4 protein chains.
Amino acid sequence: MTDRKDAIARFLKEEFPQARIVVESVGDRCARVSQAVDTSDLRPGGTVSGPTLMAIADVALYVALLGEIGIVPLAVTTSLTINFLRKPAAGKSVIGECRLMKVGKTLAMGEVSLYSEGQEEPVAHVVGTYSIPPR
Amino acid sequence: MTDRKDAIARFLKEEFPQARIVVESVGDRCARVSQAVDTSDLRPGGTVSGPTLMAIADVALYVALLGEIGIVPLAVTTSLTINFLRKPAAGKSVIGECRLMKVGKTLAMGEVSLYSEGQEEPVAHVVGTYSIPPR
Amino acid sequence: MTDRKDAIARFLKEEFPQARIVVESVGDRCARVSQAVDTSDLRPGGTVSGPTLMAIADVALYVALLGEIGIVPLAVTTSLTINFLRKPAAGKSVIGECRLMKVGKTLAMGEVSLYSEGQEEPVAHVVGTYSIPPR
Amino acid sequence: MTDRKDAIARFLKEEFPQARIVVESVGDRCARVSQAVDTSDLRPGGTVSGPTLMAIADVALYVALLGEIGIVPLAVTTSLTINFLRKPAAGKSVIGECRLMKVGKTLAMGEVSLYSEGQEEPVAHVVGTYSIPPR
């Protein structure tokens with residue numbers, strides 16, 4: 001489990017050197033990631049920007065999927081639906097909790113709830129689909 | 001709790017006399033509904049049609065919302081996103097399990113997992129938003 | 001063109017004998033369908049139900065896709081997002097105008113604008129994806 | 001028209017000083033924006049990242065909306081659905097063409113087609129909704 005988590009974290013660092021995501025856990029069709037928020041993520045009013053939230057959710061889905069199918073660099077997002085629910089806290093890390101609902105041969109689908117660290121209610125909810133290349 | 005469930009079921013029967021949905025439970029921002037599948041719901045190959053699944057999910061959201069805000073006939077669906085995950089079983093009832101993620105003053109948002117009765121994996125997943133009229 | 005339209009209309013009649021959709025035109029990655037609204041399609045207040053609108057959009061996408069790839073009965077909807085924009089008129093037919101944006105080897109995607117006949121502004125907008133079986 | 005375009009461009013520059021979006025045109029419920037792609041926008045393989053595309057679409061919707069309702073800083077995105085259609089070209093600017101389908105009192109909804117400059121087929125399609133604060 002930890003080996004897998006570390007391998008995925010290493011892979012993300014190589015593929016996306018500028019990414020600041022931390023892989024907290026992965027396994028059993030789920031993943032949990034977090035990202036500290038810096039000024040480039042903020043919008044006027046001190047809230048976290050929508051694209052930052054979308055990017056974190058996208059990585060959460062990717063990590064959960066790599067946990068199921070192994071490290072497959074060519075899996076790509078095919079769709080993503082985000083609903084913004086509450087204003088994120090500016091000074092808090094964002095947590096993304098992903099649960100895959102389907103991992104088929106060519107398509108995977110999952111949902112992600114996004115939280116400001118330490119808060120109980122989600123700030124946004126994402127549903128996304130990934131296309132899995134033939135092996 | 002049961003009073004509320006019965007009041008909602010009665011309201012649905014009056015508003016949608018042709019509906020065949022059964023309200024199984026409601027409360028705590030959640031609802032569970034079921035519908036026996038008849039031939040008008042089937043598609044070639046014996047599967048349950050997409051519009052039937054969407055209709056069940058829409059009612060599940062509505063029931064969960066009425067459970068929170070009381071019987072407000074003018075709440076209307078503003079958006080609905082469905083992902084079809086697996087072929088539903090033809091002879092089985094469809095179960096819809098809704099969980100609301102936000103109930104704001106003017107907008108509510110929730111997700112619904114749809115199952116063929118007795119099966120563990122969902123056949124479809126829905127995210128929907130409702131507009132709540134000013135009171 | 002007309003031959004293709006007629007072949008698709010015949011196919012729909014055979015596959016979905018209870019469907020009331022009329023194929024108005026098909027070709028060039030587009031399709032236009034219409035459906036007269038009857039009492040089973042109405043909701044309280046005289047408006048057309050959401051599931052009826054979703055069903056019409058789903059068929060519009062299917063017809064446009066069959067116009068591109070030929071009559072492939074196993075193409076299935078994988079996702080559908082609907083936004084409800086305006087109250088449909090009760091006594092008017094619903095028109096669905098579909099435009100496909102991608103027809104790939106395994107996945108197609110398109111959008112549908114839904115109108116009450118004779119009105120300029122859409123009552124709803126749909127984005128949908130179809131999975132195309134390997135040939 | 002040009003005055004309005006310039007006022008919106010100025011407002012964006014003040015609100016989002018780090019943004020690199022250019023407002024090409026706005027009016028008649030539509031907007032066209034563009035963004036040169038730099039290395040921070042790229043993913044392995046030389047393609048433009050999903051979050052970059054989502055961010056451009058989000059701004060295109062915002063610009064079109066400001067063109068209709070005037071400069072209202074508190075309008076916020078409530079939902080966004082993106083479908084990725086084709087691999088964007090790495091060296092090309094991304095163009096976002098937005099068309100609003102509804103501008104209500106509290107909610108607006110529109111679609112955006114995203115293109116790699118000079119190419120005819122869209123690389124992605126977005127549907128988004130905005131919440132408009134009471135005035």
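Scanning the stretch D:34-85 for residues that are touching a Lys or Arg at 6+ places or on another chain (Cβ under 7 Å) and within 13 Å of chain A (Cβ to nearest Cβ) returns D:35, D:47, D:49, D:85. Taken over the stretch C:105-135, residues that are facing chain D (nearest Cβ under 10 Å) and open to solvent by 20 Å² or more (accessible area, probe 1.4 Å) amount to 2. Checked against (1) more than 17 Å from residue C:33 (Cα to Cα); (2) within 14 Å of chain B (Cβ to nearest Cβ), residue C:96 passes all but a single condition, namely (1). Scanning the stretch C:79-92 for residues that are surrounded by 24 or more Cβ atoms within 10 Å (Cβ to Cβ) and either of a type in the set (Asp, Glu) or at pLDDT below 95 (or both) yields one hit, C:88.
One residue stands out in the stretch D:1-15 among those that are open to solvent by less than 60 Å² (accessible area, probe 1.4 Å) and within 12 Å of chain A (Cβ to nearest Cβ): the one that is nearest to residue A:47 (Cα to Cα), namely D:15. Against the conditions (1) in contact (Cβ under 8 Å) with a residue 60 or more places away in the chain; (2) more than 26 Å from residue A:130 (Cα to Cα); (3) among the small types (Gly, Ala, Ser), residue B:57 satisfies every one except (2).
Filtered by the rule that a residue be touching a strand residue (DSSP E or B) at 6+ places or on another chain (Cβ under 8 Å) and either on the phi > 0 side of the Ramachandran plot or open to solvent by 50 Å² or more (accessible area, probe 1.4 Å) (or both), the stretch D:37-58 gives a lone residue, D:42. Taking residue B:37, is it β-branched (Val, Ile, Thr), without any contact (Cβ under 8 Å) to a residue 60 or more places away in the chain, within 20 Å of residue B:117 (Cα to Cα) and not in a loop (DSSP other than H, G, I, E, B)? Answer is no for this residue. Would the stretch A:93-101 turn up any residue that is surrounded by fewer than 20 Cβ atoms within 10 Å (Cβ to Cβ) and farther than 28 Å from residue B:108 by Cα? The answer is no; no qualifying residue exists.
Cβ-Cβ contacts under 8 Å between residues 6 or more apart (or on different chains), taken from a first residue in the stretch A:73-91 that is on the phi > 0 side of the Ramachandran plot and assigned to a loop (DSSP other than H, G, I, E, B) to a second residue that is modelled with pLDDT of 95 or more and not aliphatic (A, V, I, L, M), are absent. Among the residues making up the stretch A:16-26, those that are open to solvent by less than 70 Å² (accessible area, probe 1.4 Å) and either modelled with pLDDT of 95 or more or over 15 Å from the mean Cα position of the chain (by Cα) (or both) are A:23, A:25, A:26.
Put simply, of D:3, D:41 the only residue that is more than 15 Å from the chain's Cα centre (by Cα), of a type outside the set (Ser, Thr, Tyr) and under 30 Å from residue C:129 (Cα atoms) is D:41.
For the structure I just gave you, tell me whether residue B:69 is touching a residue at least 12 places away in the same chain (Cβ under 8 Å), among the β-branched types (Val, Ile, Thr) and crowded, with 21+ Cβ neighbours inside 10 Å. When the stated conditions are applied, residue B:69 does not pass them. Against the criterion of being in a strand (DSSP E or B), at pLDDT 95 or above and out of contact with any Cys (no Cβ under 8 Å at 6 or more places or on another chain), residue B:112 does not qualify.
The values are calculated or read from the model by the stated rules, or taken from the named source; none is laboratory data. Quick caveat, the model's predicted, so the values are computed rather than measured. Cβ sites come from the backbone with ideal geometry, for glycine too, and all protein chains shown count toward neighbours. Areas reflect the complete protein model, heavy atoms only, side chains present, ligands, DNA and RNA absent. Shrake-Rupley method; radii C 1.70, N 1.55, O 1.52, S 1.80 Å.
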